[in-house]
Amino acid sequence: MGYKSKKNSNPHYYSDCLKNKLKRISTVPATVIEAPSGYGKTTAVQDYLKSRVSHDAKVYWFTAENEAPTAGFRRLCGEINKIDSNAVERLLRIDFPNAITIGEVCDALRSIDCTRKTYLVIDNFQLLSIHLHPALILALLEHGGESLHIVLITQMLSREVYMLIAGHGYYHISETDLRLTAEDIRKYFAIASVNIVPDTAKMIASHTEGWVIAVNLQLCSYQELGVYSDTTILERMEYLVWDTMTEEQQMFLLFLSPFETITIQQASSLIDADAIPEYALDALHNPFIHYNVVRRQYEIHGILSELLVSKRAERGTSFERDCLLRAGDLYRDFGLLHQAIDFYWQIRAYERILSQDFSSLMLVKIGKIEFKDIALDIAQNCPSDIKKQYRLPMLRIAWSLKMAGLDAEFDMLLIELHPIVASSDEPELLGDWMLLKSFQKHPFVTEMKSILMGAKVLFSEKSSRVIMPTHPFCFGNHSALAEYHLLPGEADREVEDLAEYITLYSKLTNGHGSGADILFRAELAYQRCQLAEAEVLAYKAIFIAESHQQSVVQLGATLVLAHIALHNADSIRWQQAVDSLERAAAFPGQDNVVTRALLDTVRGILLNELKDVKNIAPWLKEAEFWQLQLPLPIKQSALFVHLNYLLHNNEFPKLIGTAQALLPKNMSPYEDMLYSLTIAVGHIALGEYSRAMELVGFAAHRGLPDGMVLSYADYSFVMKGIDEIVKQEYPEYYEAYCDSKEKFILGWQTLHDAFLSEESSLDLTAREYEVARLAATGLKNNEIAKKLFVTENTIRYHLRQIFQKLNIDRRAKLSGIQKLL
């Protein structure tokens, strides 16, 4: 029956060098096996663990796939759960790590408890590594399991990850160790009962470069023909695999060609069969298709996939389209919409895409591209008759363009869609169109509200099917004051207008933007030094936002609480605010690039405030945000973080030049105020005092008419001259300014001493310092955990680190160094 009758039963062969390398897996905490596809990495580890590991040892195997980062992380947690359920409970509570939670996740990994000999193998690690922060990879390798051995099997890693692994001296098996020499090839052939002379072995070694899969194919060729062949590996595979199959088997594998993994059930559905036929099972019994018993799925080797894709292309575009359409339909039927749309878009199956509800995918990558690129392609190239048939999905496409900042394309599509939705017998569609049209007036809420009044009539107590509560409000702008304060001296009127707008808008959109008007009031009160009122308003905004799962609003209000804690010199409240940032971004359906970028940005603002610049996300420090696919408000916030990072690193010419190159025009008064004060510091450092005072004066005229003096107090200790400007031009705010200035200096010093000063003198991290300080007062682990909103396991891990760093053996001795804490 074709290939099955010639099935490769050759034994596995490993060089003495590799066998010696593999033996060390059992003696080191972590091993990284890195080589391209076809080097036999996975098989080598499987054979070693089967033959060398004792029966009482546990082996857990995880294979990474091309899937959403969160799904992959949760599956990995499922394997770790078999080792330490307590650690996994913490990991799942946090979920997929971001810049805010990375420390907590790393703590959890480093605190894994494992006393029984255990192996955790993570195969295809390269698919996982692209989504993981380097610190998390490091923590995984530095796990706390006493008897745990982690083995990472991976194709070639990025330079950053490779340098991380190499720099920490982890045990590494490379492609060089996996290659076969000419002598190895002779031995391999010999145990398969094929004898070759040394010169032939050298030719094979030269032609294959010791690549195991290529050597294996040469062996198969020898067994078939009795001679050496210099054809390419794909040609060998075509002869030895493809040509031995029946037409039915070939067609079956071509239908499988778009997949890396597939289950029996999926394969049956793919060929419209109730059960997998015998010929298909024969085709799957192939040395280049591995059956994963644990996951009950077939895994197709990359080399075979390459051959199948080339064979699929040979049959023409119509056949290739049919294969990809089948793949998309299969994923759709199994509820895997992300993968389905990827295949549909590859063949521009617009009707299939528009027939799906892709609301949750608008801010994610589909395959290798952003969804907004798919939306733009549909807007520009989808036939008109299909657009007319799918009115609601086309409105969602328009909203996707708006969220991506493609305003011109958004406007053009709205014009095109107006007659289409106006002719519909569903008035709600025109209501949604008007809702989108109101954003052409954004952020002028009075004009937006007048359009929404018409939409309200059309919705008739219903709500939008286009704008979802899970979509980032204000396109990711965490500051309602920056977004909606448009005219100096008008903030009090603007907040009333915003309240009326949000009341109407949130009702039409199932709560989208809820709490934004309260956030505006909280920010304004804070800037006016009315800290008690600001704190109450911030908590109110958080409650409303959380009730409607509004991440952006909740993050903005939490940032206000952190600012207030600094001015009140309250390190506990500041840390609580920072810890709760993750909660603000943990709502279902909101784990997307915008939310993660916003978390990094908000955290960057707080880290800059304490001059803790080393912990700011790399993409913010390196100004990579302008090239990223992010909404403009987040790019502007990221720019503010970057400029302050340059300021704290004394890179003043670069600060000024970057601001001149990237600062947008027509910013809000609040944004003008903050940016001008930041840039003024740079000019003062360069001796350009007059230019600095021009900027300070401009900032004053943009912010002080509304009584926003607090930011001036924040900057006053690095810029002389601010006092006089406030005193002479805005005397009514001078007393509040002086009071805020004193509070800021005291609060900054208190928090800086709490989180940073002791880090250098005692070699403790900020969180370790906080744990040590609380433990020194006599608090128990559970009491500390409650105060810091973490688990007792985390506290125990921190105390172990603290004892080691301070060279003490128990917590009682912390009281002896309490004066340092």
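Taking residue 555 as the residue in question, decide whether it is within 26 Å of residue 439 (Cα to Cα), touching a residue at least 60 places away in the same chain (Cβ under 8 Å) and part of a helix (DSSP H, G or I). For residue 555, the condition - within 26 Å of residue 439 (Cα to Cα), touching a residue at least 60 places away in the same chain (Cβ under 8 Å) and part of a helix (DSSP H, G or I) - is met. Being at pLDDT 90 or above and either of a type in the set (A, V, I, L, M) or under 23 Å from residue 746 (Cα atoms) (or both) is the requirement here; does residue 560 meet it? Here the answer is yes, as residue 560 does meet what is asked.
Every condition in (1) open to solvent by less than 10 Å² (accessible area, probe 1.4 Å); (2) on the phi < 0 side of the Ramachandran plot holds for residue 210 except the one numbered (2).
A single member of 640, 698 is open to solvent by 20 Å² or more (accessible area, probe 1.4 Å), without any contact (Cβ under 8 Å) to a residue 60 or more places away in the chain and over 20 Å from residue 595 (Cβ atoms), and it is 698.
Could you check the stretch 283-319 and list, in sequence order, the residues that are within 11 Å of residue 263 (Cα to Cα) and basic (Lys, Arg)? 295, 296, listed by residue number. Scan the stretch 792-812 for residues that are at pLDDT 70 or above and among the acidic types (Asp, Glu) and the total you get is 1. Is there a residue being outside the structural domain of residue 513 (by the TED database) and closer than 24 Å to residue 499 by Cα anywhere in the stretch 403-414? Yes. Conditions: (1) among the small types (Gly, Ala, Ser); (2) part of a helix (DSSP H, G or I); (3) closer than 30 Å to residue 93 by Cβ. Residue 659 meets all but one. Number of the miss? Evaluating residue 659 over (1) among the small types (Gly, Ala, Ser); (2) part of a helix (DSSP H, G or I); (3) closer than 30 Å to residue 93 by Cβ leaves (3) as the failure. Checking each residue in the stretch 64-100 for being polar (S, T, N, Q) and either open to solvent by less than 10 Å² (accessible area, probe 1.4 Å) or without any contact (Cβ under 8 Å) to a residue 12 or more places away in the chain (or both) picks out 81, 85. Here are some conditions: (1) surrounded by fewer than 19 Cβ atoms within 10 Å (Cβ to Cβ); (2) over 29 Å from the mean Cα position of the chain (by Cα). Residue 518 meets all but one. Which one does it not meet? With (1) surrounded by fewer than 19 Cβ atoms within 10 Å (Cβ to Cβ); (2) over 29 Å from the mean Cα position of the chain (by Cα) applied to residue 518, the lone miss is (1). Within the stretch 297-351, the set of residues being basic (Lys, Arg) and within 22 Å of residue 72 (Cα to Cα) comprises just one member, 332. For the stretch 434-467, filtering for residues that are in a helix (DSSP H, G or I) and within 24 Å of residue 633 (Cβ to Cβ) leaves 17.
Selection of the stretch 93-143 for residues being modelled with pLDDT under 80, in a helix (DSSP H, G or I), touching a Pro at 6+ places or on another chain (Cβ under 9 Å) and closer than 15 Å to residue 80 by Cα yields an empty set. Yes or no: residue 60 touching a Lys or Arg at 6+ places or on another chain (Cβ under 9 Å) and either surrounded by 16 or more Cβ atoms within 10 Å (Cβ to Cβ) or touching a residue at least 24 places away in the same chain (Cβ under 8 Å) (or both)? It is true that residue 60 is touching a Lys or Arg at 6+ places or on another chain (Cβ under 9 Å) and either surrounded by 16 or more Cβ atoms within 10 Å (Cβ to Cβ) or touching a residue at least 24 places away in the same chain (Cβ under 8 Å) (or both). Scanning the stretch 112-121 for residues that are of a type outside the set (Ser, Thr, Tyr) and surrounded by fewer than 22 Cβ atoms within 10 Å (Cβ to Cβ) yields 113, 114, 116, 117. So, in the stretch 706-740, how many residues would count as being closer than 24 Å to residue 495 by Cβ, assigned to a helix (DSSP H, G or I) and open to solvent by less than 30 Å² (accessible area, probe 1.4 Å)? Qualifying residue count, the stretch 706-740: 9. A search for C-beta distances below 7 Å between a residue of the stretch 516-543 that is closer than 20 Å to residue 670 by Cα and of a type in the set (Val, Ile, Thr) and any residue that is open to solvent by 10 Å² or more (accessible area, probe 1.4 Å) and part of a helix (DSSP H, G or I), counting only pairs 6+ apart in sequence or on different chains, returns 518/537; 518/540; 518/544. Among the residues of the stretch 527-551, those that are open to solvent by less than 10 Å² (accessible area, probe 1.4 Å) and part of a helix (DSSP H, G or I) comprise 527, 534, 538, 541, 545, 551.
Restricting to the stretch 423-454, what's the tally of residues that are among the charged types (D, E, K, R), surrounded by fewer than 18 Cβ atoms within 10 Å (Cβ to Cβ) and within 23 Å of residue 378 (Cβ to Cβ)? Final tally of qualifying residues: 1. For the stretch 558-582, the set of residues classified as touching a Leu at 6+ places or on another chain (Cβ under 8 Å), β-branched (Val, Ile, Thr) and either in contact (Cβ under 8 Å) with a residue 40 or more places away in the chain or within 25 Å of residue 594 (Cβ to Cβ) (or both) consists of 558, 560, 578, listed by residue number. In the stretch 50-77, the residue that is farthest from residue 600 (Cα to Cα) out of those that are part of a helix (DSSP H, G or I) and touching a Leu at 6+ places or on another chain (Cβ under 9 Å) is 52. Evaluation of residue 611 against the conditions (1) surrounded by fewer than 19 Cβ atoms within 10 Å (Cβ to Cβ); (2) in contact with a Gly (Cβ under 8 Å, 6 or more places away or on another chain) shows that the sole unmet condition is (2).
One residue stands out among those in the stretch 224-258 that are among the polar types (S, T, N, Q) and part of a helix (DSSP H, G or I): the one that is nearest to residue 279 (Cα to Cα), which is 249.
The values are calculated or read from the model by the stated rules, or taken from the named source; none is laboratory data. Fair warning: this is a prediction, and the values are worked out from it, not measured in the lab. Virtual Cβ from ideal backbone geometry, glycine too; neighbours counted across all protein chains shown. Quick note on the areas: whole protein, heavy atoms, side chains included, nothing else; ligands and nucleic acids left out. Shrake-Rupley method; radii C 1.70, N 1.55, O 1.52, S 1.80 Å.
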